[in-house]
There are 2 protein chains.
Amino acid sequence: MEQRRFHVAVVGATGAVGQQMIQTLENKNFPVGTLTLLSSERSAGKKATFKGQEIEVQVAKPESFEGVDIALFSAGGSVSKALAPEAVKRGAIVIDNTSAFRMDENVPLVVPEVNEEDVKWHNGIIANPNCSTIQMVVALEPIRQAFGLKKVIVSTYQAVSGAGAQAIEELKAQSKAILNGEPFTPEILPVKSDRKHYQIAFNAVPQIDKFQDNGFTFEEIKMMNETKKIMHMPELQIAATCVRIPVITGHSESVYIEIEKEGVSAEDIKNILKNAPGVILQDDPTEQLYPMPADCVGKNDVFVGRIRKDLDRDDAFHLWIVSDNLLKGAAWNSVQIAESLLKLGLVK
Amino acid sequence: MEQRRFHVAVVGATGAVGQQMIQTLENKNFPVGTLTLLSSERSAGKKATFKGQEIEVQVAKPESFEGVDIALFSAGGSVSKALAPEAVKRGAIVIDNTSAFRMDENVPLVVPEVNEEDVKWHNGIIANPNCSTIQMVVALEPIRQAFGLKKVIVSTYQAVSGAGAQAIEELKAQSKAILNGEPFTPEILPVKSDRKHYQIAFNAVPQIDKFQDNGFTFEEIKMMNETKKIMHMPELQIAATCVRIPVITGHSESVYIEIEKEGVSAEDIKNILKNAPGVILQDDPTEQLYPMPADCVGKNDVFVGRIRKDLDRDDAFHLWIVSDNLLKGAAWNSVQIAESLLKLGLVK
């Protein structure tokens, strides 16, 4: 019997994440029958290659979703808000990589290693979490299952590709300018739509997304709220500090946790993570083995190392978590949600 | 009456910190009568400029310290271990910027804003703390004085100049190679004397100094132990994760603290830091104002911002602390200790 093939649409096909989505659909051999590539008017007409075939990118509009089975959105929150309901109206299931619907209680927020079952109660839209959230919950969920989880404090070291293709170009151009002693004007980072822009090359910028009234940035609030929703832990104590650093791809996180169980060793944590889905343990101080963003680029896994028991508290541990923010943090997690839909027979 | 002038020696005069020491002695108009510049054989013969005068760097040996009043050491732990006692024997007071004597109970470890009085019980050697420790305790001590301090969890974002002039060159050369698509071979970072070396350009490396048996690096242990000693808080709960990022100068720190007092607001913390010695508060989310390493270079102060009250605990706060690791983190703190010695009349 021939395997059923699906009509897939990628919205935001020319962006940093959209390009990785097309690549991931190909690499993972997702059963694509037709691939529709959509974008804003500005990028329409460009071409992308899928399995050796050139496909022209078209302007995204409501009618674009006629006959589409699965639509992967990654073109910004306002595009998702306008067009995701239109896609759903036409029978598509939307997997949305923006923050537009993530905290909507009618929309599941899914990381398949953590809460795959949540795709079952979707109402047309399934949200893909924030990149920095995804890699953290993939590492924390197996620890929670084994030992319980009470508290998380995370400081991030985030790559510029999380802010899109223009931010990548800005980091490269600025780095060159500084190395050559030439002038430059920051225009994209930290937040394109915010009023002030700062140097990112050879700098560290403690602002990702806009500030909220409580002094946290929206990126920090996203990490805190999304983690609670994905892990089904409204009572989890969690705080984030999100920082952009001059790395092109690969987010890193320094994470402190307090667990429920007493008497757990760092070795126990390592043993759990060694066999956890989607996780690769890289932790051997005697061999200077630990995860780094430069090593994780192009890989789908979440890498964990530097696992230490806190010297003051029996229930506390420190971890260092790294992953490719464009893959597990975005494109791969979205395609993985699509795979979960097929596996669970949810695409009509 | 003419002001007394002192014979000052700088050991490690050609290094990244040594050069800043010479500059800081000049900028702060320290009462230098004679300036003796010392180094290893490899660098001897080079020249440095102090107040418009060229001074030749000489090979450091025991006899170099005859007649020296104050010797600033920053040439690595083994040089300090060998030569600091020789300098003391000849009547000099040593201010040592290496880790050689920091945890020696006969040696005061001093950050003048925090524990200036400790210089009084010196026995010839006063230790200058680790760069990442200094900037943190300058920000935490005023909070401790006002509200008490129970717990600290810090994740660092450290600049390569903390690893010396060769590390700066490596970051620049590697950055150029990567931007031009050329090959490169890491040879200095993360730790020159360790077995493996890794890319630092466009990367984040969670190793500073060598690993200890408990899985923490020596840099992390230094931060933890030195903070307790400087703040006179052997009971403080403290844990550090130290990470090198591609910044040339300026260490940043994401710090979580728990205090003793209840009912304190983020505004209360800001008010304390606004008037704290050596601290500049840079904290206004509405103006996107927060400290960044690129802004702190060449300044002696410790910059603090992103001050938020934890959303789960009434006694917990988050801070972002940035300072020039070569100045307050090294050269300026050493010269400041020398100033304390003069102020307290301790140089015979």
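The values are calculated or read from the model by the stated rules, or taken from the named source; none is laboratory data. If you're wondering where the values come from, they're calculated on a predicted model, not measured in any experiment. A quick note on method: Cβ atoms are made from the backbone with ideal geometry, for glycine too, and the neighbour counts reach across all protein chains shown. To get the accessible areas, we keep the full protein, side chains included, count just its heavy atoms, and leave off ligands, DNA and RNA. Shrake-Rupley method; radii C 1.70, N 1.55, O 1.52, S 1.80 Å.
For the reader, a short list of remarks on this structure follows.
- Members of segment B:297-306 that are crowded, with 24+ Cβ neighbours inside 10 Å and either among the aliphatic types (A, V, I, L, M) or more than 10 Å from every other protein chain (Cβ to nearest Cβ) (or both): B:VAL302, B:PHE303, B:VAL304
- A:PHE211 being at the interface with chain B (Cβ under 9 Å from one of its Cβ atoms) and either touching a residue at least 12 places away in the same chain (Cβ under 8 Å) or open to solvent by 10 Å² or more (accessible area, probe 1.4 Å) (or both): yes
- Within segment A:242-260, the set of residues being assigned to a loop (DSSP other than H, G, I, E, B) and more than 10 Å from chain B (Cβ to nearest Cβ) comprises A:ILE259, A:GLU260.
- Number of residues in segment A:155-176 that are within 20 Å of the chain's Cα centre (by Cα), free of Cβ contacts under 8 Å to residues at least 60 places away in the same chain and open to solvent by less than 40 Å² (accessible area, probe 1.4 Å): the value is 1.
- Single match in B:GLY263, B:GLY298 (criterion: in a loop (DSSP other than H, G, I, E, B), over 17 Å from the mean Cα position of the chain (by Cα) and in the same structural domain as B:TYR157 (by TED's automatic domain parsing)): B:GLY263
- Answer residue from segment B:122-154, given it is open to solvent by 10 Å² or more (accessible area, probe 1.4 Å) and small (Gly, Ala, Ser) and is nearest to B:ILE208 (Cα to Cα) among those: B:GLY148
- Single residue of A:LYS309, A:LYS328, A:LYS343 found to be modelled with pLDDT of 95 or more, open to solvent by 10 Å² or more (accessible area, probe 1.4 Å), touching a helix residue (DSSP H, G or I) at 6+ places or on another chain (Cβ under 7 Å) and of a type in the set (D, E, K, R): A:LYS309
- One residue stands out among those in segment B:149-200 that are within 10 Å of chain A (Cβ to nearest Cβ) and in a helix (DSSP H, G or I): the one that is nearest to A:PRO285 (Cα to Cα), which is B:VAL160.
- Of the residues making up segment A:217-241, those that are within 7 Å of chain B (Cβ to nearest Cβ) and in contact with a helix residue (DSSP H, G or I) (Cβ under 8 Å, 6 or more places away or on another chain) number 2.
- Within segment A:17-31, the only residue that satisfies the criterion of being open to solvent by less than 20 Å² (accessible area, probe 1.4 Å) and touching a Leu at 6+ places or on another chain (Cβ under 6 Å) is A:MET21.
- Cross-chain or 6+ apart pairs with Cβ under 6 Å, segment B:2-22 first and under 17 Å from B:GLY329 (Cβ atoms) and in contact (Cβ under 8 Å) with a residue 24 or more places away in the chain, then part of a helix (DSSP H, G or I) and open to solvent by 20 Å² or more (accessible area, probe 1.4 Å): B:ALA16/B:ALA165
- Exclusive hit being surrounded by fewer than 23 Cβ atoms within 10 Å (Cβ to Cβ), within 18 Å of the chain's Cα centre (by Cα) and of a type in the set (Val, Ile, Thr), set B:VAL107, B:VAL59, B:VAL10: B:VAL107
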